[in-house]
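Only one structure is covered here, and it is reproduced in the block below.
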Amino acid sequence: MANRPGWPEEPIGVLLTRLRRDRGTSQFRLAELLGIRSGHATVTRHEVSRWERGARIPSRYWLGWLAVTFDVPVDTLRVAAIRARQRSRDDRVGTLPHTSERRLVAGGHSVLADAA
C-alpha cells in the first residue's frame, strides 16, 4: 500500500497508543468515552489494551467511534488497521507449520505448499 501524505505508517495499535497518550487518557477512560459516545458500553480497558498491543484490530464500527473520540479522520484509522493486517499476514508467511509444508498467502487466501 502506497503511503499518502498525512496517512500513518504505523499499525493501528501503535497509532491508538500514541493518540491516547498524547491526550493524557488512560485505557480505562478511553473505554468509558467509547461507551458513552457510542451508546454501547461493551468496550473494556482490556479490549483497548488488545487493540494497542495488536492482539486484535478494532472493527469498522469501533474505528468510527475512535475517530470521533480522537477527532481524526476515520480513513487514517482504517489505513492503520490495514497496515496491521498486512503486517500480521506478512509475519505468518514463510512460517513452517509442519516440516514438510509451508504456508503461503496468495490472493489473500492461505494455502499450503510443499516445501522444496
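The values are calculated or read from the model by the stated rules, or taken from the named source; none is laboratory data. The shown structure was predicted, so the numbers you read here are calculated from the model rather than taken from an experiment. Ideal geometry is used to build each Cβ from the backbone, glycine not excepted, and the neighbour counts take in all protein chains shown.
Residues in segment 69-88 that are of a type in the set (A, V, I, L, M, F, W, C) and either closer than 15 Å to Thr25 by Cα or not in a helix (DSSP H, G or I) (or both): Phe70, Val72.
Applying a threshold of 8 Å to beta carbon distances and a minimum spacing of six or more residues, or different chains, the list of pairs starting in segment 63-87 at a residue that is on the phi < 0 side of the Ramachandran plot and ending at one that is assigned to a helix (DSSP H, G or I) and hydroxyl-bearing (Ser, Thr, Tyr) reads Trp65/Ser38; Ala67/Thr76. Among the residues examined, Val72 does not qualify as more than 13 Å from Thr17 (Cα to Cα) and either touching an Asp or Glu at 6+ places or on another chain (Cβ under 8 Å) or crowded, with 16+ Cβ neighbours inside 10 Å (or both). Take Leu66 and decide whether it is in a helix (DSSP H, G or I), in contact with a Pro (Cβ under 7 Å, 6 or more places away or on another chain) and crowded, with 18+ Cβ neighbours inside 10 Å. Considered against the rule, which asks whether it is in a helix (DSSP H, G or I), in contact with a Pro (Cβ under 7 Å, 6 or more places away or on another chain) and crowded, with 18+ Cβ neighbours inside 10 Å, Leu66 comes out as yes.
Figure legend. Inter-residue proximity from segment 2-31: first residues over 14 Å from Pro73 (Cα atoms) and surrounded by fewer than 17 Cβ atoms within 10 Å (Cβ to Cβ), second residues at pLDDT 95 or above and basic (Lys, Arg), beta-carbon distance below 7 Å, spacing 6+ or different chains. Indicated pairs: Phe28/Arg45. For segment 34-47, the set of residues classified as in contact with a Phe, Trp or Tyr (Cβ under 8 Å, 6 or more places away or on another chain) and assigned to a helix (DSSP H, G or I) consists of Leu34, Arg37, Ser38, Arg45, listed by residue number. Scanning segment 48-63 for residues that are assigned to a loop (DSSP other than H, G, I, E, B) and under 17 Å from Arg18 (Cβ atoms) gives Gly54, Ile57, Pro58. Being within 15 Å of the chain's Cα centre (by Cα) and closer than 13 Å to Val68 by Cβ narrows it down to one residue among Leu30, Leu19, Leu34, Leu15; which is it? The unique qualifying residue is Leu19.
Filtered by the rule that a residue be closer than 13 Å to Val14 by Cβ and without any contact (Cβ under 8 Å) to a residue 40 or more places away in the chain, segment 40-54 gives Trp51, Glu52. Within segment 44-74, if we keep just the residues that are among the charged types (D, E, K, R) and more than 13 Å from the chain's Cα centre (by Cα), the residue that is farthest from Leu33 (Cα to Cα) turns out to be Asp71.
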